[in-house]
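The values are calculated or read from the model by the stated rules, or taken from the named source; none is laboratory data. Since the model is a prediction, treat every value here as computed from it, not as a measurement. FYI the Cβ positions are ideal-geometry reconstructions off the backbone, even for glycines, and counts take in every protein chain you see.
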Amino acid sequence: MDPDSGYVYATIENVDKKWSFVAKYDGKQWTRVGDNYVLGTLMADNGSLWVDHGNVYLAFHDVYRGGKATVVEYDGTQWKVLGKPGFSGGPAHYLSLVVYQGVPYLAYQDILCGGKAMVMQFTAGSWEPLGGTEISHGGATFESLALDDSTHKLYLAFKDLAYKGMPAVLEYSLDAPGRTVSN
């Protein structure tokens, strides 16, 4: 939900996965956001949606690029790809996207890296690791990224396969880079 407009946003996928699009609900009806041709071309699957001051962001497992992560933004007039399409090292699963002060952050499981958790930030036109690469000790599933605006911190929760599937939480301060681990 966009706190500025009150609109509710959702990603819609065709059951046979031939196309997908983003829609918004204004309290009375659902309407498509932008031209669905772009998303249909990119073939969005397993998406994570975020709305920041009217800009709509969608991260997804891009089936046309080997299942790697792609992020697009709708700026009110058109969809555009942020950085390189399919930028993750390998297939990306459990995508979780947040945007803080106009900067997108994406957490996901990277299959090429042994299924470890990754967190990337989009700066200067490209995706860069946040807090190092492969930030989990072993395989990680069910990544969920959360933002606390009041403390300027990101929290990554996931199922830590290196510790018998126990939940793990990583904290990252956006003001003073660094992370701590809580189990």
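Listing for the model above:
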| read-out | value |
| --- | --- |
| Region 47-64 - residue that is among the aliphatic types (A, V, I, L, M) and in a strand (DSSP E or B) and, of those, nearest to Tyr108 (Cα to Cα) | Ala59 |
| Any hit, region 155-172, residues being under 18 Å from His61 (Cβ atoms), touching a strand residue (DSSP E or B) at 6+ places or on another chain (Cβ under 9 Å) and at pLDDT 95 or above | no |
| Qualifying residue in region 37-44 (condition: at pLDDT 85 or above and either among the hydrophobic types (A, V, I, L, M, F, W, C) or at positive phi (or both)) | no |
| Identity of the residue in region 113-149, under 25 Å from Glu73 (Cβ atoms) and more than 17 Å from the chain's Cα centre (by Cα), that ends up surrounded by the most Cβ atoms within 10 Å (Cβ to Cβ) | Asp149 |
| Residue ranges of strands (runs of 3 or more DSSP E) in region 79-147 with at least 3 members closer than 19 Å to Gly165 by Cα | 92-100, 103-110, 116-123 |
| Top-ranked residue of region 100-112 - restricted to ones that are in contact with a His (Cβ under 9 Å, 6 or more places away or on another chain) and either hydroxyl-bearing (Ser, Thr, Tyr) or crowded, with 22+ Cβ neighbours inside 10 Å (or both), ranked as farthest from His53 (Cα to Cα) | Asp110 |
| Flag for Phe60 being buried (at least 19 other Cβ atoms within 10 Å of the Cβ) and modelled with pLDDT of 90 or more | no |
